[in-house]
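Read the figures in this text as sums done on the coordinates, not as results from a lab. Since the structure is predicted, the reported quantities are computational estimates derived from the model, not experimental observations. Here the Cβ positions follow ideal geometry from the backbone for every residue, glycine too, while neighbour counts run over all protein chains shown.
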Amino acid sequence: MKIERVRFGMLRVPLVTPFKTSLRTVDEIADVVIMVDTDDGRTGYGSAPATAVITGETHGSIIEAVHKVIAPAIMGMSVADLNAITDRIQGAIIKNFSAKAAMETAIYDLFGQLYDAPVYKLLGGGESVIVTDITISVDYIDKMVEDAVAACEAGFETLKVKVGKDPEMDIERIKAIYAATADKALIRLDANQGWTPKQAVSVLRTLEESGVQLELVEQPVLGEDIEGMKYVTERVHTPVMADESSFGPREAIELIRNRAADIINIKLMKTGGISNAIKIADIAGIHGIECMIGCMLESSIGVAAAAHVAAAKSSVITKVDLDTPALGRFDPVHGGVRFDGPEISMTDAPGLGITAIDGLEPLDVSNGKAS
Ligand code: MG
């Protein structure tokens, strides 16, 4: 099974309601899909969304990086040489993590097809079901409480509440949501870098003193502000999780060494794919640090890859935030991972198990540009 060709497509899925964080508002999932064809007629699927404000990547940059640099670096290689391929992908270009992740996802999908086993089993996992939280977007308090209660009624036991817009309002939001859901669900907060270190400590201490119990707070301050992360981590009881502060294994090591976070959020689009996600989980495991697996606002192709990693590394990846397929109006991906409310199930299908994708618009990159 040798890598013979890479094709591209665009996949768009409208959201049920707009997704709002302190950084942006988005109303559709839009992924670059890459299809890696082999000489024996197999296809591996990978995908990446454009999250310019987080990874610096756009659809155009993802296509360009894969088409011009990453794909040529692995063309003709045997899928059985998995580690050699992922080394080439990672070494072909600096940064461009989402482009690398899309390619690695397709390669792991093929690797599973080669050995006729699902990816999570090849990575050593035994459990085929994981449980995700659900995101409550930033909105008016009443709307957030309504969304939180509806999520509990739909069976979700962990709510990930987006905050970070205005500290005073955030305190009111969380108190109201906690009052309405405390007996039904755990609450984790994601400030998406929206607070200063002092604001973060003030908000969290106020909530702690008023009896609100939070499972964790994610990225309270700017991603690059590791000192700020450490400042918050040292001053609050609530566990602090690094998201935008943590990309690859090096950042994870740095955060752990500096005791700047209690938990690390692994996302394939930040790590550059599955190979580095596994390294981070192993590094964290050595240090007794737990991880969450998360995703961007992306289709269920990339989320399937993340789910397989979570299932394989469940002793370290104890928290799962893979709810974006549930935010779309429909799931255009057939086969693969099953999403049923909070439960995400892997099947025994080889690789990622994807059989077809509805509404995939082919992109012609033969002239060097996406048309
Ligand atoms: Mg986050």
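A compact table of results
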read-out: Long-range HN-HN contacts of Asp190 with modeled amide H, under 5 Å; value: Val161, Lys162, Val163, Glu218
read-out: Vicinal HN-Hα couplings computed from phi for the range 2-7 (Karplus, 6.51 cos²θ - 1.76 cosθ + 1.60; Hz; Gly/Pro x); value: 10, 6, 10, 7, 10, 10
read-out: Selected from Ala151, Met75, Ile63, residue furthest toward positive end of dipole (the chain; charges at beta carbon); value: Met75
read-out: Amide H partners (placed H, <5 Å) of Ile317, local residues excluded; value: Cys291
read-out: Residue-count net charge about Arg42 - beta-carbon cut-off 12 Å; Lys, Arg +1, Asp, Glu -1; value: -4
read-out: At least 20 Å along the helix axis (C-alpha) and Kyte average at least 0.5, DSSP helices within the chain; value: none
read-out: Distant-in-sequence amide H partners of Gly272 (H built 1.01 Å from N, under 5 Å); value: Ala101
read-out: Average projected area [Cα convex hull, the chain], square nanometres; value: 16.3
read-out: Separation between Cα centres of the range 146-161 and the range 271-287, rounded to whole Å; value: 29
read-out: Neighbourhood net charge (14 Å Cβ-Cβ; Lys/Arg +1, Asp/Glu -1) for Ile85; value: -2
read-out: Burial ordering of Met169, Met77, Met292, fewest other beta-carbon atoms within 10 Å first; value: Met169, Met77, Met292
read-out: 20 Å cut-off, amide nitrogen to a point 7 angstrom out along Arg329 Cα→Cβ, residues in the range 20-45; value: 20, 25-32
read-out: Percent breakdown of C-alpha pair distances by 10 Å bin, ordered from the shortest bin, for the range 31-97; value: 19, 52, 26, 3
read-out: Potential extension, Val149-Ala117 segment - 0.36 nm per residue separation minus Cα distance; value: 7.6 nm
read-out: Dipole magnitude (debye, nearest 20) for the chain, charges at Cβ of Lys, Arg, Asp, Glu; value: 780
